[in-house]
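A.B. asks: If you scroll down you'll find the structure; I have some questions about it.
The values are calculated or read from the model by the stated rules, or taken from the named source; none is laboratory data. As the structure is a computational prediction, the values presented were derived from the model and not from experiment. With ideal geometry, Cβ positions are generated from the backbone for all residues, glycine too; neighbour counts draw on all protein chains shown.
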Amino acid sequence: MPWSLPILMAMAALGCASPKFAYDVDPAFQARSYATMAPDPRKDRILIREGMRPLNPELHLRAVCAELEGRKYRSAPAAEADLWVAVYVLTGGRPDGGGNHGAKGSPRSGGGEGHRGGGRGGPDGGGDPAGGRDGGSKGNFVVIVQIQDRRSGLQVWQGEANLDHREKGSDGRPLSIEAAVHQLLQPLPARP
């Protein structure tokens, strides 16, 4: 059947065009039990994945906090917040997301490498995440959001998005940090 090859190729292209999401949710998590949130104040944590390097998550963290505020979680000082929010951004894995599973938070000292300019670029905000001068691979980004109950210290929700720099939003433009975070947090229930 000569027409089946183009259909299979189109289906494969569509499968690669959208972010891949994974979630780990505590079955006891109930949004109504939590009213406030704050960025996780602990600076001694990092996620390590083979073949990937951390980027500064500050822009993503701001986007996550704004999204949570839009879902009726109020910002509070870290010592008083019900939930602590941690965001990790990694780059350098295979574009198909392979080989990037099973990492856990690990202690570290000091800060990770950073980036500026809308979540793209190398350690100083420049560079090409698609394999240019900063040595990155084909522009695969992994964004991980972890939400912990501050009192118990237990993780109640985690979402992970594997993003490819070639992905486009519904408007045909590259996917923004805010759009990626919005998609990633869709399953997280809003406060009543």
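A.B. asks: Given the conditions (1) surrounded by fewer than 22 Cβ atoms within 10 Å (Cβ to Cβ); (2) at pLDDT 90 or above; (3) aliphatic (A, V, I, L, M), which single one is not true for residue 63?
C.D. replies: Among (1) surrounded by fewer than 22 Cβ atoms within 10 Å (Cβ to Cβ); (2) at pLDDT 90 or above; (3) aliphatic (A, V, I, L, M), residue 63 violates only (1).
A.B. asks: Out of 79, 38, 63, report the one residue that is within 17 Å of residue 159 (Cβ to Cβ) and either part of a strand (DSSP E or B) or of a type in the set (A, V, I, L, M) (or both).
C.D. replies: Matching residue, one of 79, 38, 63: 63.
A.B. asks: Another question, if that's okay. Applying the selection to the stretch 143-192, what residues are over 20 Å from residue 55 (Cα atoms) and among the β-branched types (Val, Ile, Thr)?
C.D. replies: 156
A.B. asks: From 28, 22, 38, 78, which residue is under 24 Å from residue 178 (Cβ atoms), of a type in the set (A, V, I, L, M, F, W, C) and at pLDDT below 95?
C.D. replies: 22
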